[in-house]
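Right, one structure below, let's go through it.
The values are calculated or read from the model by the stated rules, or taken from the named source; none is laboratory data. This one's a predicted model, so the numbers in the text were calculated from it and none came from an experiment. Every residue, glycine as well, gets a Cβ built from its backbone with ideal geometry; the counts of neighbours run over all protein chains shown.
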Amino acid sequence: MRCLRFTAAPLFLLAIWVGAAQADASREVYGPFQEILEQFVTEKDLAGGGLVSAFDYAAATDQAKTLQTLASQREALAKFELSGLEGKAESVAFWINAYNFFMLNQILTERPDGELVESVWDYGGRVNPFVDNVFEREKFVIDGKEYSLDQMEKQILLGKDYADRGWKDARVHFAVNCAAVGCPPLRGSLYTADSLESLLAENTRRAFLTHYHLKVEGETLYVTELFKWYEDDFKEAAGSRQAFIQEWVDASLAERVAQTSTMTFIDYDWSLNRPSNFAEFR
């Protein structure tokens, strides 16, 4: 618990103490990850208001310091005490950052024959069903315990405990990044308790303004396959998948979505989210 006992003191000192008591876990522990994001993530604003981002894996692997920075972040998370997380915003932000960091860490540190994978499925699963896919591997250490990416997303962020607390938020699907072109954009900054709400809203809205996640053609609504895989989460959040979309898209687009009668899924592009795999960065 990050708390302090207050005694009589000038108001300005009291304010300093309160600020210290409200320090954010993500800012405290994810310093090395922030360095990685600032150096190698490029966000691109699209003409219609959408947002895409790419990670420069080539530049990251060319720098010897990158492996040291990754190791520093892994060590910090291994020692971090989860009991210190306070409240919904801090906890949700922490686990989103954990997912995004460990996904990048996986790609940058496990390079078959010294080469980057072309897709996360190269590690196993679809290509080699006899090997656990990258989402199922319990190898990412936080507070001395090994977690998988699936556990972070499906059992913690979107799991029963958070649901019971009122912390479950379907917009998390637009924040955790699976290192693929078809994923919602990886941001160049951390999620924090203060920025969580604005980033969840912005990521969801701006993802819908890209062809990777939503298109309307006549009465047909084309949406990312996230709405097929996680249908229950979106129904729980808004009553239906279409209602969720209408809630988070711009008003003019919401009217067009409301007029559709058929939902079709856009093929998910699992290519690594490197700049050369995006038309927007060529």
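Being among the small types (Gly, Ala, Ser), farther than 30 Å from LEU104 by Cβ and touching a helix residue (DSSP H, G or I) at 6+ places or on another chain (Cβ under 9 Å) holds for only one residue in SER240, SER261, and it is SER240. The set of residues in the range 90-113 that are surrounded by fewer than 19 Cβ atoms within 10 Å (Cβ to Cβ), of a type outside the set (S, T, N, Q) and part of a helix (DSSP H, G or I) comprises PRO112, ASP113. When ASP132, ASP150, ASP143, ASP169 are screened for being without any contact (Cβ under 8 Å) to a residue 12 or more places away in the chain and of a type outside the set (A, V, I, L, M, F, W, C), only ASP132 passes. Scanning the range 114-129 for residues that are over 17 Å from TRP229 (Cα atoms) and surrounded by 14 or more Cβ atoms within 10 Å (Cβ to Cβ) returns LEU116, VAL117, SER119, VAL120, ASP122, TYR123, GLY124. Restricting attention to the range 184-198, the residues being within 13 Å of PHE94 (Cα to Cα) and surrounded by 17 or more Cβ atoms within 10 Å (Cβ to Cβ) number 6.
Within the range 29-58, if we keep just the residues that are in a helix (DSSP H, G or I) and among the acidic types (Asp, Glu), the residue that is surrounded by the most Cβ atoms within 10 Å (Cβ to Cβ) turns out to be GLU35.
Kindly check whether there is at least one residue in the range 82-90 that is within 24 Å of PHE135 (Cβ to Cβ) and touching a Pro at 6+ places or on another chain (Cβ under 9 Å).
no
Do you know which of the residues in the range 130-168 that are in contact with a strand residue (DSSP E or B) (Cβ under 8 Å, 6 or more places away or on another chain) and in a strand (DSSP E or B) is surrounded by the fewest Cβ atoms within 10 Å (Cβ to Cβ)? Only one residue fits best here, namely GLU146. For GLU231, state whether it is in contact with a helix residue (DSSP H, G or I) (Cβ under 9 Å, 6 or more places away or on another chain) and modelled with pLDDT of 95 or more. Judged against the criteria, GLU231 is a match. Flag not set for LEU77, criterion: in a helix (DSSP H, G or I), of a type outside the set (Ser, Thr, Tyr), free of Cβ contacts under 8 Å to residues at least 40 places away in the same chain and within 21 Å of ARG187 (Cβ to Cβ). Counting only residues that are buried (at least 18 other Cβ atoms within 10 Å of the Cβ) and of a type outside the set (Val, Ile, Thr), which one in the range 247-267 is nearest to the chain's Cα centre (by Cα)? Here the residue is TRP248.
Among the residues of the range 35-69, those identified as among the aliphatic types (A, V, I, L, M) and over 28 Å from ARG282 (Cβ atoms) are ALA64, LEU67.
Conditions (1) part of a helix (DSSP H, G or I); (2) farther than 21 Å from PHE101 by Cβ, marked per residue:
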residue: VAL176; (1), (2): no, no
residue: LEU199; (1), (2): yes, no
residue: TYR212; (1), (2): no, yes
residue: VAL223; (1), (2): no, yes
residue: ALA237; (1), (2): yes, yes
residue: VAL257; (1), (2): yes, yes
residue: TYR268; (1), (2): no, yes
residue: SER276; (1), (2): yes, yes
